[in-house]
Amino acid sequence: MRMITCLMSCAAAATALSLAYAADLSGDPYGLWKPLKGAIYKFHSGIVADATPPTANDRRLTFLVDGNIAKEIFNSIGPDYPETCGSEKGDRDRVKKGIVCSYTAQDEKDKDGPYRCWIGLNLKTGDTIGTISC
């Protein structure tokens, strides 16, 4: 649980920082903080697939990350989910509360890589939320 909370806190903090602060990591003696590259995010209400803007009572944040950070998250939240969204042999999914990660075998040579993770937060409660179903 701590790892999931840390991952979400780190992702939220890194996204919120300006490029100037993200580039200055001198205050990190252990080298744990890393700039967040390959991420997009969406503020919304309802489910992430809806094009519904956030409301006063329902404000959610979903990150989509790929590349090395997605691979690290994927490897951290195993085991594989029994069913996959992909139809190709070798596709794999992993789910842990508000984190959904996929490995798409066909995207092995894609510039963004085969790993993608969606991380969902309910900004009113601080809880993780489900993100994508497929």
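The values are calculated or read from the model by the stated rules, or taken from the named source; none is laboratory data. Here the structure is a predicted model, which means the values were calculated and not measured. Note that we place each Cβ from the backbone using ideal geometry, even for glycine, and neighbour counts take in every protein chain shown. Accessible surface is based on the protein model in full, side chains and every heavy atom, while ligands, DNA and RNA are left aside. Shrake-Rupley method; radii C 1.70, N 1.55, O 1.52, S 1.80 Å.
Restricting attention to the range 76-89, the residues that are within 17 Å of residue 134 (Cβ to Cβ) and surrounded by 12 or more Cβ atoms within 10 Å (Cβ to Cβ) total 5.
Scanning the range 106-122 turns up no residue that is touching a helix residue (DSSP H, G or I) at 6+ places or on another chain (Cβ under 7 Å), more than 27 Å from residue 32 (Cβ to Cβ) and not hydroxyl-bearing (Ser, Thr, Tyr).
Could you please give the count of residues in the range 82-125 that are in contact with a Ser or Thr (Cβ under 6 Å, 6 or more places away or on another chain), within 21 Å of residue 49 (Cβ to Cβ), assigned to a loop (DSSP other than H, G, I, E, B) and not basic (Lys, Arg)? Qualifying residue count, the range 82-125: 3. Kindly indicate whether any position in the range 13-26 is out of contact with any helix residue (DSSP H, G or I) (no Cβ under 9 Å at 6 or more places or on another chain) and at pLDDT 80 or above. No. Taking the range 93-123 as the search range and keeping residues that are touching an Asp or Glu at 6+ places or on another chain (Cβ under 7 Å) and more than 13 Å from residue 70 (Cα to Cα), which one is least open to solvent (accessible area, probe 1.4 Å)? Looking at the filtered set, the residue picked out is 105.
Residues in the range 40-75 that are part of a strand (DSSP E or B), touching a Leu at 6+ places or on another chain (Cβ under 7 Å) and open to solvent by 30 Å² or more (accessible area, probe 1.4 Å): 40, 41, 43, 60. Would it be correct to say that residue 79 is part of a loop (DSSP other than H, G, I, E, B), over 16 Å from the mean Cα position of the chain (by Cα) and free of Cβ contacts under 8 Å to residues at least 12 places away in the same chain? No; evaluated as a whole, the condition is false for this residue.
Test residue 31 against the criterion of being in contact (Cβ under 8 Å) with a residue 24 or more places away in the chain and open to solvent by less than 70 Å² (accessible area, probe 1.4 Å), and give yes or no. So residue 31 fails the test.
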